[in-house]
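The values are calculated or read from the model by the stated rules, or taken from the named source; none is laboratory data. All figures in this text were calculated on a predicted structure; none of them were measured in a lab. Cβ placement follows ideal geometry from the backbone for every residue including glycine, while neighbour counts extend to all protein chains displayed. Accessible surface is based on the protein model in full, side chains and every heavy atom, while ligands, DNA and RNA are left aside. Shrake-Rupley method; radii C 1.70, N 1.55, O 1.52, S 1.80 Å.
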Amino acid sequence: MHIELSRDLEFIDHLLEGIDQNQTLANWKHFKLAYHVADTLLIPRSNNLKALDQLQHIDFLPHQTDTANKVIHEMNGRAILADEVGLGKTIEAGLILKEYILRGLIKKALIIVPASLVNQWASELHEKFFIQTTIAKKKPVWTNDDIMITSIDLAKREPHRQAILEQTYDLLLIDEAHKLKNNKTKNYQFVQALSKKYCLLLTATPIQNKLNDVFNLVTLLKPGLLGDQQTFLKRFDKPTRDLDQHLQRLIQKVMVRNLRHETVLDWTKRHIKTISVTFTEEEYAFYQKLEQATIGDQSINKTLYLREFCSSREALYTTLMKEDSQLTKELVADLEQLPHHSKAIQLVELIKDINDKCIVFTEYRATQVYLQWLLKENQISSVPFRGGFKRGKKDWMKQLFQEQAQVLIATEAGGEGINLQFCNHLINYDLPWNPMRIEQRIGRIHRFGQKNDVHIYNFSIEKTIEDHVLQLLYNKIHLFERIIGHLDQILAELNLGSLEKEITQMVCESKTIGEMKVKMNNLAEVIDYAQEEENHNGNRESS
Amino acid sequence: MAIENLHEFLVTYFTINHCQVDSNQKDGTLDVRLTEEMDERLMNRPFYWQYVRKLNQVGTPLELKITTQYNKATKDRSYLSFGTERFNKICHDTLLKGRFTKLYQSIAPRQQTALYPWLIINVKMSYIGKQQEEELRSYGIHLINGTIIDHAFEWLEQKEWTTTIPDFCYPITPLIQMRNGYLRIEHFILEQLQANQHQWAEASYQHLQEEIQLLNYFKEREQSLNEAHYLTEKENLKAIYQPKISLQVINGGIFYLAQP
């Protein structure tokens with residue numbers, strides 16, 4: 001064994017120089033104080049976190065300090081942080097980063113986060129952790145020894161890409177790392193090629209469900225831990241209980257995943273309310289026409305049309321205008337005759353009733369614009385929020401919402417990463433067919449820091465596709481009450497893959513509404529059964 | 001000894017740097033009237049001072065209002081605690097100012113008294129591997145007879161020191177050159193290190209070998225890993241696990257003592 005030694009070759013020269021040239025030398029008080037300061041800054045051997053004495057103003061939760069401890073002392077700084085949404089992954093990452101900085105082990109770091117979160121990361125690290133960062137803007141200097149925050153899109157563009165690849169980072173941190181699950185993508189290969197000592201991958205999406213994703217993420221951190229890809233996939237493809245446990249153990253070497261129900265946090269309650277809306281006769285007639293018109297058509301558009309019409313006339317209109325056929329022209333003509341959307345009118349009533357801040361989520365931009373207009377007509381102030389907004393605008397909108405407006409109307413892309421725990425009413429104006437996205441939405445307000453019970457309102461129009469999905473599927477599998485965590489895993493075990501695809505297929509392939517209902521019912525039964533099974537097993541294991 | 005009372009530390013720090021301090025221990029508040037020098041060192045406004053000097057005017061140093069209690073902080077009174085930027089700056093400044101010294105034992109003899117030269121250095125030893133640990137050691141060498149002592153600082157702390165030669169005292173010129181003395185201390189430290197068991201290093205080295213094996217295994221079977229990437233990854237692993245010991249002198253200087 002060889003231990004590297006680094007000596008101090010400069011001190012004595014400087015001392016001699018200072019004495020020879022009669023420079024001002026320290027008096028005893030200064031000399032002594034310097035000694036005490038040096039002593040204060042030492043890293044003790046005990047496995048405590050030095051950063052905790054320095055961050056006394058933050059009330060860390062036990063699972064957060066445990067995680068930081070584990071990552072530093074057991075995983076040696078290479079880990080996947082996969083807590084459920086809202087448990088404070090950023091806090092954990094900040095704490096780990098701070099600890100390493102204090103230990104003098106990190107000087108140069110690269111933090112890659114979604115473009116929309118760049119500012120939030122910078123301000124959080126600065127305000128909470130007193131960590132100075134630089135945001136990569138137009139002409140970032142990659143060669144500096146500092147902590148740089150960038151989006152992947154900027155980083156992977158030349159000339160930045162090349163410059164970044166030439167650096168050696170003490171730490172690489174990637175937020176929303178599940179986006180890197182495919183090793184064929186440029187992003188993945190770029191990240192893989194980076195030279196880094198420590199590495200933190202943050203993700204809220206459980207990665208256990210797809211073997212390939214697991215393999216790719218873990219391999220970024222520790223090439224070889226799961227062997228090579230082919231052997232790995234072959235070996236774990238047909239899961240048995242033993243193999244599964246073996247895999248879990250391997251993954252636990254590099255992954256920390258805290259679940260809400262395991263944390264000591266006193267979570268506020270979720271109150272779920274379904275708000276049924278009845279279409280007017282005219283509207284329903286149009287809906288049926290839409291359904292009939294598209295029934296023979298196997299293309300995916302059918303479900304899209306129906307879903308859009310359940311959201312707003314404008315949403316459907318935008319799509320129809322893009323296609324130029326006899327059918328769409330006819331539909332557009334009919335559509336133009338319709339009055340205000342029943343759901344939108346109901347929404348206005350609801351918001352008046354709530355009489356407090358609320359977030360409205362919709363899937364469609366056109367609906368967002370329409371709702372904003374409609375609310376304004378009714379003297380309700382609102383601000384829009386979209387994924388496409390520039391960073392500054394997002395921050396500004398959030399602030400406007402917090403300080404002035406009653407309503408924030410967000411499209412799906414706005415779901416990630418903004419924290420709005422000052423608000424406790426959430427309205428799902430229309431619902432995504434991807435359960436993970438629903439959890440992301442709820443996670444915006446039902447998170448660490450929320451002081452009140454959370455109210456979730458789900459709109460659904462009777463006798464429409466929306467109704468079916470909500471009543472037959474979501475409510476049946478208790479989607480809104482339970483934290484999703486396991487659902488993805490269950491879907492994977494059932495070999496279902498994505499629920500979105502499943503529903504779309506169901507709707508498209510069914511010849512009659514009845515058939516579709518039966519299929520959906522069946523799906524719900526299967527999922528519910530698997531969930532109960534899981535709970536049962538889970539309880540047994542923990543008892 | 002580490003700082004236990006931050007508030008007291010700050011009062012000391014500003015006082016020995018000739019600033020006027022109004023302190024309220026209960027609220028953790030400190031109002032510090034900075035000197036020009038301290039303003040320049042701490043407040044980070046070089047352009048102001050440049051400007052003032054260019055115009056041949058007298059600048060006005062700022063008044064620094066801080067508190068060591070988080071909930072007492074306001075818009076005009078910033079929070080200062082271990083870990084804040086300002087604290088780091090103060091630490092940096094303290095270390096810089098207290099780095100080199102030449103001191104005489106403060107005594108008042110009635111007759112001619114010889115003062116013997118010692119080279120004293122305070123060294124931060126860092127043991128870096130899978131786990132990390134640091135310690136502060138203090139060594140001294142008698143520059144006449146070559147005796148080396150450990151825990152020198154504690155010994156010095158019991159005496160009083162001054163920057164000028166006391167009356168009736170005369171310093172003896174070192175027989176051993178300072179540089180040579182330094183090398184002797186270093187040699188002494190290295191010998192001690194060699195005699196020690198370094199289980200932490202063994203463990204870390206072991207771990208490094210395991211990690212490299214894993215990587216080699218992966219390389220043999222996975223085509224997607226090219227040579228360059230393999231080498232980078234190997235360096236990365238070494239950067240984490242390769243055991244290192246580093247010596248860094250925090251401060252030191254020549255001390256003239258009355259006893260031989």
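Across the alpha-carbon set of segment B:6-97, the Rg to Rh ratio works out to 0.98, Rh being the Kirkwood radius. Note on chain B: with a GNM built from Cα contacts shorter than 10 Å, the maximum mean-square fluctuation among B:Asn71, B:Asn180, B:Asn145 falls on B:Asn71. Rounded if a/c is under 1.5, else prolate if a/b beats b/c, else oblate: with a ≥ b ≥ c from the C-alpha gyration tensor eigenvalues square-rooted, which is segment A:51-262? Oblate, since a/c reaches 1.5 and b/c is not below a/b. GNM remark for chain B: springs join alpha carbons under 10 Å apart, and the peak mean-square fluctuation among B:Ile16, B:Ile245, B:Ile172 falls on B:Ile16. The simple spin-label model puts a point 7 Å past each Cα toward its Cβ; for A:Ser123 and A:Lys137 those points are separated by 1.6 nm.
A full extension of the chain between B:Glu135 and B:His18 corresponds to an added length of 39.0 nm, given 0.36 nm per residue minus the alpha carbon distance. Simple rule: put +1 on each Lys or Arg Cβ and -1 on each Asp or Glu Cβ in the protein assembly as shown, find the dipole, and look at B:Asn236, A:Asn428, B:Phe87; the Cα lying farthest toward the positive end is B:Phe87.
Ignoring any ligand, DNA or RNA, what whole percent of the accessible area of segment B:6-97 comes from carbon and sulfur when the probe is 1.4 angstrom? Accessible surface attributable to carbon and sulfur in segment B:6-97 totals 50 percent. Between the alpha-carbon centres of segment A:69-146 and segment A:304-331 there is a gap of 45 Å. By definition, a body whose alpha carbon gyration tensor gives a ≥ b ≥ c is oblate when a/c is 1.5 or more and a/b is not larger than b/c, and chain B fits this oblate description.
Comparing mean-square fluctuations of B:Tyr182, B:Tyr230, B:Tyr127 from a GNM of chain B with C-alpha springs under 10 Å, the top value falls on B:Tyr230.
Calculated FRET efficiency, B:Asn226 to A:Asp66, Cβ-Cβ distance, R0 = 35 Å: about 0.40 to the nearest 0.05. Please report how far the C-alpha centroid of segment A:368-413 lies from that of segment B:50-82, rounded to the nearest whole angstrom. The distance from the Cα centre of segment A:368-413 to that of segment B:50-82 comes to 39 Å. Label reach from A:Gln292 (point 7 Å along Cα→C-beta): in segment A:314-351, amide nitrogens under 20 Å belong to A:325-339. The ellipsoid that matches the Cα gyration tensor of segment B:48-139 has semi-axes, each √(5λ) in whole angstrom, of 37, 28, 16, with the longest given first.
In the frame of its principal axes, the protein assembly as shown has Cα extents of 117, 65, 53 Å, reported largest first. Taken along the Cα-to-beta-carbon direction at a fixed 7 Å, the label points for B:His187 and A:Asp453 span 7.9 nm. With a Förster radius of 45 Å applied to the beta-carbon distance between A:Glu17 and B:Gln69, the computed FRET efficiency rounds to 0.60. Accessible area ranking (1.4 Å probe, heavy atoms, ligands and nucleic acids excluded), largest first, for B:Thr60, B:Thr94: B:Thr60, B:Thr94. In this structure, the pairs whose alpha-carbon distance is over 19 Å, taken from A:Lys137/A:Lys186; A:Lys128/B:Lys72; B:Lys102/B:Lys159; A:Lys156/A:Lys186; A:Lys98/B:Lys65, are A:Lys137/A:Lys186; A:Lys98/B:Lys65.
Taking 0.36 nm per residue of sequence separation and removing the Cα-Cα distance, the A:Lys184/A:Lys390 pair yields an extension gain of 71.3 nm.
For the pair A:Thr278 and A:Ala163, label points projected 7 Å from Cα toward Cβ lie 6.4 nm apart.
Note on segment B:88-123 and segment A:39-67: Cα centroid distance 34 Å, given to the nearest whole angstrom. Within 10 Å of the Cβ of each residue in B:181-194, the mean number of Cβ atoms contributed by other protein chains is 1.
In this structure, the pairs whose alpha-carbon distance is over 25 Å, taken from A:Lys289/A:Lys343; A:Lys289/A:Lys352; A:Lys329/A:Lys501; A:Lys181/A:Lys253, are A:Lys289/A:Lys352; A:Lys329/A:Lys501. Membrane-span-like helices in chain B, defined purely by DSSP H runs whose alpha carbon atoms cover 24 Å or more axially and whose average Kyte-Doolittle hydropathy reaches -1.0, are B:178-195.
Globularity index of segment A:1-147 is 1.34 (Cα radius of gyration / 2.2 N^0.38 Å, N = number of residues). Highest average first, the peptides A:13-22, A:222-231 ordered by how many other beta carbon atoms sit within 10 Å of their residues are A:222-231, A:13-22.
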